[in-house]
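Notes follow the structure.
The values are calculated or read from the model by the stated rules, or taken from the named source; none is laboratory data. From a predicted model like this one, the values you see are computed outputs, not experimental measurements. Cβ sites come from the backbone with ideal geometry, for glycine too, and all protein chains shown count toward neighbours.
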Amino acid sequence: MPLIMMTGFPSSGKSTRAAELKQLFEERLLQPENQHRKHTVHIISDTTLGVPHSAYAHASEEKNARSALLSAVERLVTREHIVIADTPNYIKGLRYQLYCTAREEGTTHCVVYCALPVDAARQINQMRGSDGYADNVFDELTMRYEEPNSATRWDSPLFTIIQNDPNDKLPFDSIWDAIVERRAPPPTFSTAVKPAEETNYQFELDRATQDVITAILDSQKSGVPMSYVVVPGSSEKVNMPGRNLTLSELRRLHLGTDINPILLHNVTGTILARVIEYCVHHRDDVRLDKDVEDLLQDDNQVEAWDRQFMNVDDSTMLQILYAADYLGVEPLVDLGCMFIACIIRDMPVDEIRLRYGVVEDFTDAQRQQMQLEADLLK
(Lines give C-alpha, C1' and ligand atoms only; values in the text may rest on other atoms or scores of the structure.)
Protein backbone atom coordinates (compact mmCIF):
# COMPACT_ATOMS: atom_id res chain seq x y z
CA MET A 1 0.00 0.00 0.00
CA PRO A 2 1.01 3.65 -0.37
CA LEU A 3 3.63 5.92 1.12
CA ILE A 4 2.61 9.38 2.36
CA MET A 5 5.44 11.87 2.86
CA MET A 6 4.75 14.75 5.26
CA THR A 7 6.81 17.88 4.67
CA GLY A 8 6.98 21.43 5.96
CA PHE A 9 8.91 23.71 8.30
CA PRO A 10 9.73 22.46 11.81
CA SER A 11 6.72 22.89 14.15
CA SER A 12 4.39 23.48 11.19
CA GLY A 13 1.87 20.87 12.38
CA LYS A 14 3.06 17.85 10.40
CA SER A 15 2.65 15.40 13.29
CA THR A 16 -0.86 16.68 14.03
CA ARG A 17 -1.86 16.21 10.40
CA ALA A 18 -0.20 12.78 10.30
CA ALA A 19 -2.19 11.63 13.34
CA GLU A 20 -5.37 13.02 11.75
CA LEU A 21 -4.61 11.15 8.53
CA LYS A 22 -4.00 7.90 10.41
CA GLN A 23 -7.33 8.19 12.22
CA LEU A 24 -9.23 8.94 8.99
CA PHE A 25 -7.61 6.01 7.20
CA GLU A 26 -8.38 3.60 10.04
CA GLU A 27 -12.01 4.74 10.17
CA ARG A 28 -12.47 4.20 6.45
CA LEU A 29 -10.66 0.87 6.44
CA LEU A 30 -13.06 -0.41 9.14
CA GLN A 31 -16.10 0.22 6.97
CA PRO A 32 -17.69 -3.15 6.02
CA GLU A 33 -17.99 -2.31 2.34
CA ASN A 34 -14.32 -1.32 2.07
CA GLN A 35 -12.29 -3.90 0.15
CA HIS A 36 -9.04 -2.67 1.73
CA ARG A 37 -10.11 -3.22 5.36
CA LYS A 38 -7.33 -5.78 6.00
CA HIS A 39 -4.66 -3.14 5.54
CA THR A 40 -2.94 -1.40 8.43
CA VAL A 41 -1.67 2.16 8.90
CA HIS A 42 1.79 3.00 10.28
CA ILE A 43 3.40 6.31 11.22
CA ILE A 44 7.19 6.59 11.04
CA SER A 45 8.47 9.62 12.92
CA ASP A 46 11.65 10.82 14.59
CA THR A 47 10.07 9.72 17.88
CA THR A 48 9.48 6.13 16.72
CA LEU A 49 13.00 6.05 15.25
CA GLY A 50 14.56 7.44 18.43
CA VAL A 51 16.00 10.48 16.62
CA PRO A 52 16.31 13.62 18.83
CA HIS A 53 15.91 17.11 17.40
CA SER A 54 19.58 17.74 18.16
CA ALA A 55 20.54 15.18 15.48
CA TYR A 56 19.83 17.82 12.82
CA ALA A 57 22.61 20.00 14.22
CA HIS A 58 25.33 17.61 13.02
CA ALA A 59 25.76 16.33 9.45
CA SER A 60 26.84 12.83 10.49
CA GLU A 61 23.94 12.34 12.93
CA GLU A 62 21.46 13.71 10.40
CA LYS A 63 22.77 11.26 7.82
CA ASN A 64 22.21 8.42 10.28
CA ALA A 65 18.67 9.68 10.87
CA ARG A 66 17.98 9.60 7.12
CA SER A 67 19.36 6.08 6.88
CA ALA A 68 17.12 4.95 9.74
CA LEU A 69 14.09 6.49 8.01
CA LEU A 70 14.87 4.84 4.67
CA SER A 71 15.40 1.45 6.34
CA ALA A 72 12.10 1.71 8.23
CA VAL A 73 10.21 2.68 5.08
CA GLU A 74 11.76 -0.18 3.09
CA ARG A 75 10.66 -2.64 5.79
CA LEU A 76 7.08 -1.38 6.04
CA VAL A 77 6.15 -0.27 2.53
CA THR A 78 4.23 -3.24 1.15
CA ARG A 79 0.87 -3.68 -0.50
CA GLU A 80 -0.69 -4.40 2.91
CA HIS A 81 0.54 -1.28 4.74
CA ILE A 82 -0.19 2.43 4.48
CA VAL A 83 2.95 4.21 5.67
CA ILE A 84 3.00 7.87 6.78
CA ALA A 85 6.55 9.28 6.92
CA ASP A 86 6.15 11.99 9.59
CA THR A 87 9.73 13.26 9.45
CA PRO A 88 11.09 16.64 8.26
CA ASN A 89 11.63 15.44 4.64
CA TYR A 90 12.85 18.95 3.91
CA ILE A 91 15.40 17.98 1.24
CA LYS A 92 14.15 17.01 -2.20
CA GLY A 93 16.92 14.41 -2.48
CA LEU A 94 15.45 12.51 0.48
CA ARG A 95 11.94 12.75 -0.95
CA TYR A 96 13.30 11.37 -4.22
CA GLN A 97 14.83 8.39 -2.40
CA LEU A 98 11.52 7.67 -0.68
CA TYR A 99 9.72 8.00 -4.02
CA CYS A 100 12.10 5.44 -5.57
CA THR A 101 11.40 3.04 -2.70
CA ALA A 102 7.66 3.27 -3.35
CA ARG A 103 8.16 2.75 -7.10
CA GLU A 104 10.41 -0.23 -6.43
CA GLU A 105 7.69 -1.83 -4.29
CA GLY A 106 5.10 -1.18 -7.00
CA THR A 107 2.92 1.07 -4.85
CA THR A 108 1.67 4.66 -4.94
CA HIS A 109 2.84 7.70 -3.01
CA CYS A 110 1.91 11.32 -2.35
CA VAL A 111 3.29 14.37 -0.55
CA VAL A 112 1.34 16.37 2.05
CA TYR A 113 2.81 19.86 2.42
CA CYS A 114 1.95 21.66 5.67
CA ALA A 115 2.46 25.27 4.55
CA LEU A 116 3.03 27.80 7.32
CA PRO A 117 4.96 31.11 7.35
CA VAL A 118 8.35 30.74 8.96
CA ASP A 119 7.59 33.36 11.64
CA ALA A 120 4.43 31.50 12.69
CA ALA A 121 6.34 28.21 12.81
CA ARG A 122 9.09 29.84 14.89
CA GLN A 123 6.53 31.17 17.37
CA ILE A 124 4.94 27.72 17.75
CA ASN A 125 8.38 26.16 18.16
CA GLN A 126 9.26 28.57 20.98
CA MET A 127 5.95 27.82 22.72
CA ARG A 128 6.86 24.11 22.78
CA GLY A 129 9.75 24.82 25.11
CA SER A 130 12.06 21.84 25.60
CA ASP A 131 9.99 19.76 23.16
CA GLY A 132 10.81 22.14 20.32
CA TYR A 133 13.91 22.56 18.20
CA ALA A 134 16.85 24.63 19.39
CA ASP A 135 16.87 28.07 17.76
CA ASN A 136 20.01 27.36 15.72
CA VAL A 137 18.62 24.02 14.51
CA PHE A 138 15.28 25.61 13.61
CA ASP A 139 16.98 28.39 11.63
CA GLU A 140 19.23 25.89 9.84
CA LEU A 141 16.35 23.62 8.83
CA THR A 142 14.17 26.47 7.57
CA MET A 143 17.06 27.96 5.62
CA ARG A 144 17.80 24.66 3.88
CA TYR A 145 14.16 23.74 3.32
CA GLU A 146 13.34 22.85 -0.30
CA GLU A 147 9.67 23.42 -1.00
CA PRO A 148 7.93 20.57 -2.87
CA ASN A 149 7.14 21.09 -6.53
CA SER A 150 4.18 19.25 -8.06
CA ALA A 151 5.90 19.36 -11.46
CA THR A 152 8.38 16.72 -10.29
CA ARG A 153 7.42 13.07 -10.13
CA TRP A 154 8.64 12.56 -6.57
CA ASP A 155 6.54 15.48 -5.26
CA SER A 156 3.39 14.54 -7.18
CA PRO A 157 0.56 14.11 -6.28
CA LEU A 158 1.06 17.08 -3.95
CA PHE A 159 -1.54 18.21 -1.40
CA THR A 160 -0.89 21.63 0.14
CA ILE A 161 -2.57 22.57 3.43
CA ILE A 162 -2.44 26.22 4.54
CA GLN A 163 -1.96 25.65 8.25
CA ASN A 164 -2.86 29.16 9.40
CA ASP A 165 -6.15 29.10 7.47
CA PRO A 166 -8.86 27.55 9.70
CA ASN A 167 -11.03 26.88 6.65
CA ASP A 168 -8.38 24.80 4.88
CA LYS A 169 -9.20 21.21 5.82
CA LEU A 170 -7.26 18.04 5.15
CA PRO A 171 -8.35 16.81 1.66
CA PHE A 172 -8.72 13.21 2.79
CA ASP A 173 -10.99 12.04 -0.04
CA SER A 174 -8.52 13.32 -2.63
CA ILE A 175 -5.61 11.70 -0.79
CA TRP A 176 -7.53 8.39 -0.60
CA ASP A 177 -8.25 8.47 -4.33
CA ALA A 178 -4.66 9.40 -5.18
CA ILE A 179 -2.93 6.65 -3.24
CA VAL A 180 -5.49 3.88 -2.69
CA GLU A 181 -7.76 3.97 -5.73
CA ARG A 182 -5.08 5.11 -8.17
CA ARG A 183 -3.15 2.45 -10.00
CA ALA A 184 0.52 2.35 -9.07
CA PRO A 185 2.92 3.41 -11.85
CA PRO A 186 5.28 0.68 -13.11
CA PRO A 187 8.88 0.71 -11.87
CA THR A 188 11.34 2.62 -14.05
CA PHE A 189 14.69 1.28 -15.25
CA SER A 190 16.44 2.80 -12.23
CA THR A 191 13.91 1.58 -9.62
CA ALA A 192 13.11 -1.87 -11.02
CA VAL A 193 14.30 -4.75 -8.86
CA LYS A 194 16.85 -6.71 -10.82
CA PRO A 195 16.17 -10.48 -10.80
CA ALA A 196 18.65 -12.55 -8.88
CA GLU A 197 21.08 -14.51 -11.02
CA GLU A 198 22.38 -17.98 -10.36
CA THR A 199 25.79 -17.78 -8.73
CA ASN A 200 26.96 -21.10 -10.25
CA TYR A 201 26.20 -20.12 -13.86
CA GLN A 202 29.84 -20.35 -15.01
CA PHE A 203 30.29 -23.75 -13.36
CA GLU A 204 27.15 -25.16 -15.01
CA LEU A 205 28.23 -23.79 -18.40
CA ASP A 206 31.70 -25.36 -18.11
CA ARG A 207 30.24 -28.70 -17.06
CA ALA A 208 27.71 -28.77 -19.92
CA THR A 209 30.41 -27.86 -22.44
CA GLN A 210 32.71 -30.58 -21.09
CA ASP A 211 29.86 -33.12 -21.42
CA VAL A 212 29.48 -32.18 -25.10
CA ILE A 213 33.24 -32.54 -25.68
CA THR A 214 33.21 -35.96 -23.99
CA ALA A 215 30.23 -37.05 -26.13
CA ILE A 216 32.06 -35.98 -29.31
CA LEU A 217 35.24 -37.84 -28.31
CA ASP A 218 33.23 -40.99 -27.46
CA SER A 219 31.43 -40.88 -30.82
CA GLN A 220 34.76 -40.61 -32.65
CA LYS A 221 36.13 -43.79 -31.06
CA SER A 222 34.33 -45.85 -33.71
CA GLY A 223 36.58 -44.30 -36.36
CA VAL A 224 33.61 -43.46 -38.58
CA PRO A 225 32.98 -39.69 -39.03
CA MET A 226 29.52 -38.65 -37.84
CA SER A 227 27.30 -35.84 -39.17
CA TYR A 228 26.06 -34.82 -35.71
CA VAL A 229 26.24 -35.62 -31.98
CA VAL A 230 23.31 -35.41 -29.56
CA VAL A 231 23.96 -33.12 -26.57
CA PRO A 232 23.79 -35.16 -23.33
CA GLY A 233 20.61 -34.52 -21.34
CA SER A 234 18.73 -32.91 -24.23
CA SER A 235 17.49 -33.46 -27.78
CA GLU A 236 19.72 -30.75 -29.26
CA LYS A 237 22.28 -31.77 -31.87
CA VAL A 238 25.80 -30.52 -32.60
CA ASN A 239 26.70 -30.64 -36.30
CA MET A 240 30.07 -32.23 -37.04
CA PRO A 241 32.48 -31.20 -39.85
CA GLY A 242 32.60 -34.68 -41.43
CA ARG A 243 35.97 -35.56 -39.88
CA ASN A 244 37.32 -36.40 -36.47
CA LEU A 245 38.24 -33.45 -34.25
CA THR A 246 41.32 -33.44 -32.05
CA LEU A 247 41.14 -32.67 -28.32
CA SER A 248 43.10 -29.43 -28.83
CA GLU A 249 40.57 -28.25 -31.44
CA LEU A 250 37.70 -28.98 -29.09
CA ARG A 251 39.39 -27.09 -26.27
CA ARG A 252 39.91 -24.06 -28.52
CA LEU A 253 36.21 -24.15 -29.42
CA HIS A 254 35.41 -24.37 -25.71
CA LEU A 255 37.55 -21.39 -24.68
CA GLY A 256 37.12 -19.27 -27.82
CA THR A 257 39.17 -16.16 -28.47
CA ASP A 258 37.96 -14.46 -25.24
CA ILE A 259 38.38 -16.60 -22.13
CA ASN A 260 35.44 -16.30 -19.71
CA PRO A 261 34.06 -12.96 -20.97
CA ILE A 262 31.87 -11.00 -18.54
CA LEU A 263 28.84 -9.27 -20.05
CA LEU A 264 27.93 -5.88 -18.58
CA HIS A 265 24.34 -4.80 -19.25
CA ASN A 266 24.10 -1.47 -21.13
CA VAL A 267 27.82 -0.70 -20.59
CA THR A 268 29.88 -0.18 -23.74
CA GLY A 269 33.63 -0.62 -23.93
CA THR A 270 34.28 3.10 -24.29
CA ILE A 271 32.19 4.01 -21.25
CA LEU A 272 33.68 1.15 -19.22
CA ALA A 273 37.14 2.52 -20.01
CA ARG A 274 36.09 5.91 -18.63
CA VAL A 275 34.75 4.32 -15.42
CA ILE A 276 38.00 2.37 -15.01
CA GLU A 277 39.97 5.58 -15.61
CA TYR A 278 38.04 7.26 -12.77
CA CYS A 279 38.56 4.31 -10.41
CA VAL A 280 42.30 4.16 -11.14
CA HIS A 281 42.70 7.88 -10.46
CA HIS A 282 40.81 7.67 -7.14
CA ARG A 283 42.01 4.22 -6.04
CA ASP A 284 43.88 5.63 -3.03
CA ASP A 285 41.20 8.13 -1.98
CA VAL A 286 39.48 8.05 1.40
CA ARG A 287 35.84 8.90 0.81
CA LEU A 288 34.62 11.80 2.92
CA ASP A 289 31.36 11.55 4.83
CA LYS A 290 29.61 14.22 2.79
CA ASP A 291 26.31 14.31 0.95
CA VAL A 292 25.78 15.60 -2.56
CA GLU A 293 23.99 18.60 -1.04
CA ASP A 294 27.18 19.51 0.83
CA LEU A 295 29.26 19.27 -2.34
CA LEU A 296 26.83 21.53 -4.18
CA GLN A 297 27.38 24.24 -1.57
CA ASP A 298 31.16 24.27 -2.12
CA ASP A 299 32.37 23.85 -5.70
CA ASN A 300 35.99 23.95 -4.47
CA GLN A 301 35.58 20.42 -3.11
CA VAL A 302 35.52 19.09 -6.69
CA GLU A 303 38.99 18.29 -7.99
CA ALA A 304 40.21 19.86 -11.23
CA TRP A 305 40.73 16.34 -12.58
CA ASP A 306 37.10 15.48 -11.87
CA ARG A 307 35.93 18.65 -13.61
CA GLN A 308 37.93 17.72 -16.69
CA PHE A 309 36.73 14.12 -16.50
CA MET A 310 33.06 15.21 -16.50
CA ASN A 311 33.61 17.76 -19.29
CA VAL A 312 31.74 15.61 -21.82
CA ASP A 313 28.54 15.84 -23.84
CA ASP A 314 25.16 15.08 -22.22
CA SER A 315 24.83 11.61 -23.75
CA THR A 316 28.27 10.49 -22.54
CA MET A 317 27.65 11.95 -19.07
CA LEU A 318 24.39 10.00 -18.72
CA GLN A 319 26.03 6.79 -19.97
CA ILE A 320 28.84 7.21 -17.43
CA LEU A 321 26.25 7.80 -14.70
CA TYR A 322 24.23 4.71 -15.68
CA ALA A 323 27.38 2.56 -15.85
CA ALA A 324 28.63 3.80 -12.47
CA ASP A 325 25.24 3.06 -10.92
CA TYR A 326 25.15 -0.44 -12.44
CA LEU A 327 28.72 -1.21 -11.35
CA GLY A 328 28.21 0.24 -7.85
CA VAL A 329 30.82 3.03 -8.11
CA GLU A 330 29.01 5.33 -5.68
CA PRO A 331 31.51 8.26 -5.67
CA LEU A 332 31.21 8.51 -9.47
CA VAL A 333 27.40 8.34 -9.21
CA ASP A 334 27.47 11.24 -6.71
CA LEU A 335 29.84 13.21 -8.95
CA GLY A 336 27.64 12.70 -12.03
CA CYS A 337 24.47 13.66 -10.15
CA MET A 338 26.17 16.78 -8.82
CA PHE A 339 27.26 17.92 -12.27
CA ILE A 340 23.81 17.33 -13.78
CA ALA A 341 22.22 19.19 -10.84
CA CYS A 342 24.55 22.15 -11.47
CA ILE A 343 23.67 22.13 -15.18
CA ILE A 344 19.89 22.16 -14.65
CA ARG A 345 19.88 24.34 -11.51
CA ASP A 346 18.44 27.45 -13.21
CA MET A 347 17.13 25.78 -16.35
CA PRO A 348 13.39 25.92 -17.21
CA VAL A 349 11.53 22.63 -16.95
CA ASP A 350 10.71 22.49 -20.68
CA GLU A 351 14.37 22.99 -21.56
CA ILE A 352 15.40 20.18 -19.19
CA ARG A 353 12.89 17.82 -20.81
CA LEU A 354 14.11 18.74 -24.29
CA ARG A 355 17.78 18.44 -23.39
CA TYR A 356 17.54 15.04 -21.70
CA GLY A 357 14.63 13.58 -23.66
CA VAL A 358 12.24 13.48 -20.70
CA VAL A 359 8.71 12.59 -21.77
CA GLU A 360 5.95 14.21 -19.73
CA ASP A 361 3.47 11.56 -18.60
CA PHE A 362 1.11 13.74 -16.55
CA THR A 363 -2.57 13.69 -17.43
CA ASP A 364 -4.53 16.86 -18.22
CA ALA A 365 -6.17 16.67 -14.78
CA GLN A 366 -2.76 16.44 -13.07
CA ARG A 367 -1.44 19.42 -15.04
CA GLN A 368 -4.50 21.47 -14.09
CA GLN A 369 -4.01 20.54 -10.42
CA MET A 370 -0.33 21.51 -10.60
CA GLN A 371 -1.20 24.87 -12.17
CA LEU A 372 -3.85 25.49 -9.50
CA GLU A 373 -1.37 24.77 -6.70
CA ALA A 374 1.25 26.96 -8.34
CA ASP A 375 -1.23 29.85 -8.55
CA LEU A 376 -2.15 29.43 -4.87
CA LEU A 377 1.48 29.66 -3.81
CA LYS A 378 2.17 32.87 -5.73
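Go over the candidates I352, I343 one by one and state the one that is within 16 Å of R153 (Cβ to Cβ), modelled with pLDDT of 75 or more and assigned to a helix (DSSP H, G or I). Spell out how you get there, then give the answer.
Numbers: I343 fails: within 16 Å of R153 (Cβ to Cβ).
That would be I352, the only listed residue that is within 16 Å of R153 (Cβ to Cβ), modelled with pLDDT of 75 or more and assigned to a helix (DSSP H, G or I).
Take the residues in the stretch 13-38 that are assigned to a loop (DSSP other than H, G, I, E, B) and among the basic types (K, R); name whichever of them is surrounded by the most Cβ atoms within 10 Å (Cβ to Cβ).
My answer is R37.
Taking the stretch 23-67 as the range and being in contact with a strand residue (DSSP E or B) (Cβ under 9 Å, 6 or more places away or on another chain) and among the hydrophobic types (A, V, I, L, M, F, W, C) as the test, the residues that pass are F25, L29, V41, I43, I44, V51. Per the listing V358, V312, V333, V275, the residue uniquely modelled with pLDDT of 80 or more, part of a loop (DSSP other than H, G, I, E, B) and surrounded by 10 or more Cβ atoms within 10 Å (Cβ to Cβ) is V312. The condition (being at pLDDT below 90, surrounded by 15 or more Cβ atoms within 10 Å (Cβ to Cβ) and within 24 Å of the chain's Cα centre (by Cα)) is satisfied by just one residue among V41, V112, V77, V83: V77.
Can you pull out the residues in the stretch 134-155 that are part of a loop (DSSP other than H, G, I, E, B) and crowded, with 16+ Cβ neighbours inside 10 Å?
The first filter runs over the stretch 134-155 and keeps only residues part of a loop (DSSP other than H, G, I, E, B), leaving 134, 145-152.
If the condition is that a residue be part of a loop (DSSP other than H, G, I, E, B) and crowded, with 16+ Cβ neighbours inside 10 Å, then Y145, P148, N149, S150, A151, T152 are the ones that fit.
Evaluate the stretch 111-124: report whether one residue or more is touching a residue at least 60 places away in the same chain (Cβ under 8 Å), among the β-branched types (V, I, T) and in contact with a strand residue (DSSP E or B) (Cβ under 8 Å, 6 or more places away or on another chain). Scanning the stretch 111-124, I find at least one residue that is touching a residue at least 60 places away in the same chain (Cβ under 8 Å), among the β-branched types (V, I, T) and in contact with a strand residue (DSSP E or B) (Cβ under 8 Å, 6 or more places away or on another chain), so the answer is yes. Looking at the stretch 107-128, can you tell me whether even one residue there is touching a Pro at 6+ places or on another chain (Cβ under 8 Å) and among the aromatic types (F, W, Y)? Yes; the residues of the stretch 107-128 include at least one that is touching a Pro at 6+ places or on another chain (Cβ under 8 Å) and among the aromatic types (F, W, Y).
Look at G8 and say whether it is in contact with a Phe, Trp or Tyr (Cβ under 8 Å, 6 or more places away or on another chain) and of a type outside the set (D, E). When the stated conditions are applied, G8 passes them.
Checking each residue in the stretch 67-123 for being out of contact with any helix residue (DSSP H, G or I) (no Cβ under 9 Å at 6 or more places or on another chain), of a type in the set (D, E) and part of a helix (DSSP H, G or I) picks out only D119. Please determine, by comparing only the residues of the stretch 157-186 that are touching a helix residue (DSSP H, G or I) at 6+ places or on another chain (Cβ under 7 Å) and part of a loop (DSSP other than H, G, I, E, B), which one is surrounded by the fewest Cβ atoms within 10 Å (Cβ to Cβ). So, considering only residues that are touching a helix residue (DSSP H, G or I) at 6+ places or on another chain (Cβ under 7 Å) and part of a loop (DSSP other than H, G, I, E, B), the one surrounded by the fewest Cβ atoms within 10 Å (Cβ to Cβ) is N164.
For the stretch 69-120, a tally of residues being more than 25 Å from T160 (Cβ to Cβ) and in contact with a Gly (Cβ under 8 Å, 6 or more places away or on another chain) returns 1.
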